[in-house]
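J.: Have a look at this one before I ask anything.
The numbers here are math on the coordinates, done by the rules we state, and not lab data. Because the structure is predicted, anything quoted here is derived from the model rather than measured. Note: ideal-geometry Cβ built from the backbone for every residue, glycine included; neighbour counts use all protein chains shown.
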Amino acid sequence: MRQSMYSRMFLTLAVVLACPLMSEFSQGADAERTVGGLSLSNWSAELKSPSPVVRRRAVLSLGAFGKSAVPVLTQALGHDDPVVRYWAASELGDLGDEAKSAIEPLRKMHSEKSIGVRIAAAYALCRIGQVEEGLPTLLEGLKDETRGVWNSSADFLARIGPPAKAAIPTIEEEAKRGADHIADICNEALRRIRGVDQPIPSKSSNATQGDAAGGKPNKKAAKESVFSKAFFDEDVSRFAQSNEKRKQPNVLWISAEDISPSLGCYGDSYAITPRLDQLASEGVRFTRCFTHAGVCAISRSGLITGMYPVAIGSQHMRSQIVLPPHVKAFPEYLRAAGYWTTNRSKTDYNFPPPKAAWDENSANARDWRGRAPGQPFFSVINLTTTHESQIRGKFGETLHDPAKAPLPPYIPDTPVTRRDWARYADLLTTLDQQVAAILDQLEADGLAKDTIVFFWGDHGQGLPRGKRWLYDSGTRVPLIIRWPDQLKPGSVCDDLVCFLDFAPTMLRLAGVVIPTHLHGRVLPSVEERTRANGSRPSASGREFIFGHRDRMDETYDLIRSARDTRFKYIRNYAPERPYAQNITYMNQMPTMREWRRLNGEGKLTGATALHFRERKPVEELFDTEADPHEIVNLAERPEHAATLKRMRAALERWQEDVGDSGLIPEPLLVTPLNIP
């Protein structure tokens, strides 16, 4: 829900008149200071907003004002919105002894029935010296079977550190579960409670990363026939009626893991990718294609549904949500419209793959060869060759010369880091050969001229400060589309496009009515060839694309981004959480280990030291043309104030439009979400 300037002014006045505490902190330095464009009194007023997104954004912003915000955060402990109460307690806990005046309201909140709310109050009590009072609740939460509750409880224990030493036996016991990322998050808590400088090596196999390295076949889905209508519900069938009298085209998707546009056709002189370069010369190369999140499951969750994960609750890595009833994986619509759909073999959507989505979904899927004669097909082949786990694997000499590796300026230049970059380039060359084999098979089957081919990467390179982050190194990906006799060979599209556009584009190609709840638009080049009266808007001319980072495996964060064709705006809602938090899976990368080693030895300078700052700035703004590696933060420079304001406003509008559920702490996040 958007608010006008006048409504904000009214809210500010109402709160100032209603809250005598406001006068205490409306004086002094903080009265003039702003965070995210608003003053302390402005953010306090936002707590009265009828919009839950605005209220939650406000309470998260108040903590950045430090001690001056304690009175209003204390008052927020009695808010009607339990999410506001949770975040208020968490923010007070982060302030530690400065929040001691809130002890009685925290005790009242600590007596609430909901464990999800109580753990935040327990954390705050522990941080202000009441460890014996708060610790039992966090240990109770650590044994809770609700994923969000035990994740958050372990995270709170890690943030308490040494004062929580009485929790060590319970944490050690829970770490033995080995399920999901509980072992990793428990080990992080143990490390910080014991005051250990370096991460504790994980003994778990990190089994939930298995789908990230190839996925598990869905044997039941592989047996289902396209003619089995039992899985189609009324909603899917309603949209699946073809709205055009034209032949439905065949479509082949070739996806690659963890790659940026590090290809010869994108101007990378280090790359050896002849077949992908040829594919680009035969079709359209998109120069500004972005995912909404720099990691696989969240990227694919949005891609397969056509909706931002923060709108459906699937924003946390390695979560298993229940989709709202009307939200479908788009291949369900294609199957209902008569398509043969196959997936080989990764799903990784943060929800179970719907049975109605795929005729065959396994490592042994027959692709287009299993269809009925003349039946249109949609086949997805997921290549895992370039996944980050392959970079750190054992290998001999590299094809690419490490001495020539184009290291970004934020990565320290050492033999270890150069070897990782050379290995990444080698894997891209292997990927290129695999793509060639797939395209050759399509040609041999006589289908090359009758099939639209998409090649894309699921997010940016699987190297530090790439994967998992909202910088272009984590979100900008290659996208190439070849459509014989329809798209001009060798053409280039510079429009902003994103993963939310893939679903409506596929439905348009199939002649299927596009549901209005999808967030994306039809890709420009495809829209031009399939334009229909009253059709969905094209991505052509789009002004902004958006991104989000939430829990990554065992580590929480809360970051949002907006990007236009030139500038990137990043809003850090948890600036107290440093960039270089521990993620067990990420820490296995030699470059990450090298980076941590050099930081521990005090040898990082300049851009290489930025990632190890103790706090993040609340706002970041980068000129991606002048600064493609996003090193120079322009957020506080007066000459960029107008751009900052424009980008910030765009991001806030988007959050309100999609109902950003990432502002709901995971212990209180219930799926399916009740969304329109």
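J.: For segment 423-441, list residues with backbone N below 12 Å from a point placed 7 Å from the Cα of Phe395 toward its Cβ?
T.: Under cut-off, by backbone N: 423-432.
J.: Sort segment 210-541 into rounded, prolate or oblate with this rule: let a ≥ b ≥ c be the square roots of the eigenvalues of the Cα gyration tensor; rounded if a/c is under 1.5, and if a/c is not under 1.5, prolate when a/b is larger than b/c, oblate otherwise.
T.: Note, shape of segment 210-541 comes out prolate.
J.: Note down the nm distance, to one decimal, between modelled labels 7 Å out along Cα→Cβ at Glu528 and at Arg637.
T.: 3.5 nm
J.: Something else: Applying 1/(1 + (r/R0)^6) with R0 = 35 Å to the Cβ-Cβ distance of Ala436 and Gln375, what FRET efficiency is obtained, to the nearest 0.05?
T.: The calculated FRET efficiency here is 0.85.
J.: Which cross-chain or sequence-distant (5 or more) residues have an amide H under 5 Å from the amide H of Leu263, H modelled 1.01 Å from N in plane?
T.: Correct list: Asp268.
J.: What is the order of Asp623, Asp94, fewest Cβ neighbours within 10 Å to most?
T.: Ranked by crowding around the Cβ, least crowded first: Asp623, Asp94.
J.: Set the Förster radius R0 to 22 Å, insert the Cβ-Cβ distance between Glu543 and His326 as r into 1/(1 + (r/R0)^6), and round the FRET efficiency to 0.05.
T.: Taking R0 as 22 Å, the efficiency between Glu543 and His326 is 0.20.
J.: OK, next. Over segment 574-655, what relative contact order in percent results from Cα pairs under 8 Å that are six or more residues apart?
T.: 30 percent
J.: OK, next. List the residue ranges in the chain for DSSP H helices whose C-alpha atoms run 24 angstrom or more along the long axis and whose Kyte-Doolittle average is -0.5 or above.
T.: Answer set is 415-444.
J.: Another question, then. Based on the mean of other beta carbon atoms within 10 Å per residue, what is the order of 552-560, 454-462, 143-151, most packed first?
T.: 454-462, 552-560, 143-151
J.: Give me, ordered by chain and number, the residues 5 or more places off Ser491 or on other chains with an amide H under 5 Å from its own placed amide H.
T.: Gly283, Arg285
J.: Let me ask you something else. Using the Cβ atoms and a cut-off under 9 Å, what net charge is assigned to the surroundings of Gln390, where Lys and Arg are +1 and Asp and Glu are -1?
T.: Combined, the nearby Lys, Arg, Asp and Glu give -1.
J.: Counting alpha carbon pairs within less than 8 Å and at least 6 residues apart, what relative contact order, in whole percent, applies to the chain?
T.: Taking the mean separation of contacting Cα pairs over the length of the chain, I get 16 percent.
J.: Sticking with this one: Please list, in chain and number order, the residues 5+ apart from His292 or on another chain whose amide H is under 5 Å from its amide H, with Hs placed from the backbone.
T.: Residues meeting the amide H criterion: Phe499.
J.: Along the Cα→Cβ direction, 7 angstrom out, place labels at Lys165 and Glu614. What is the inter-label distance in nm?
T.: So the two model labels end up 2.3 nm from each other.
J.: Based on the mean of other Cβ atoms within 10 Å per residue, sort peptides 67-78, 634-645 so the most packed one is first.
T.: Result, highest mean first: 67-78, 634-645.
J.: On a full-extension model of 0.36 nm per residue, what is the gain between Ser237 and Glu98, subtracting their alpha-carbon distance, rounded to one decimal in nm?
T.: 44.2 nm
J.: Would you mind classifying segment 532-675 by shape? Square roots of the alpha carbon gyration tensor eigenvalues, ordered a ≥ b ≥ c; an a/c under 1.5 is rounded, otherwise it is prolate if a/b is larger than b/c and oblate if not.
T.: Here segment 532-675 falls in the oblate category.
J.: Step through the residues of segment 36-43 one at a time and calculate ³J(HN,Hα) from phi using the Karplus curve (6.51 cos²θ - 1.76 cosθ + 1.60, θ = phi - 60°), rounding each to whole Hz and writing x for Gly and Pro.
T.: Those phi angles translate into x, x, 10, 7, 4, 5, 5, 5 Hz.
J.: Ranked highest first by the average count of other Cβ atoms within 10 Å around their residues, in what order do 387-399, 360-372 fall?
T.: 360-372, 387-399
J.: Let me ask something else. I'm a student and want to see the number: the projected area of the Cα convex hull of the chain, averaged over all directions, in nm².
T.: With every direction weighted equally, the projected area is 29.3 nm².
J.: In square nanometres, what is the average projected area of the Cα convex hull of segment 504-551?
T.: Answer in nm², one decimal: 4.4.
J.: Would you tally the net charge around Ser153, using a Cβ to Cβ cut-off of less than 13 Å, leaving Ser153 out, and scoring K and R as +1, D and E as -1?
T.: Result for the neighbourhood of Ser153: -4.
J.: Next up: So if I place +1 on the C-beta of Lys and Arg and -1 on the C-beta of Asp and Glu, and nothing else carries charge, what would the dipole magnitude of the chain be about its Cα centre? I want it in debye, nearest 20.
T.: 780 debye
J.: Right, something else. Give the order of His517, His110, His292 when sorted by the count of other beta carbons within 10 angstrom, beginning with the fewest.
T.: His517, His110, His292
J.: Okay, next question. For a quick check: sort Glu104, Glu652 by the number of other beta carbons within 10 angstrom, fewest at the front.
T.: Ordered from fewest to most neighbouring Cβ atoms within 10 Å, Glu104, Glu652 come out as Glu104, Glu652.
J.: Where Lys and Arg each count +1 and Asp and Glu each count -1, what net charge lies around Gly446 among other residues with Cβ under 15 Å from its Cβ?
T.: -2
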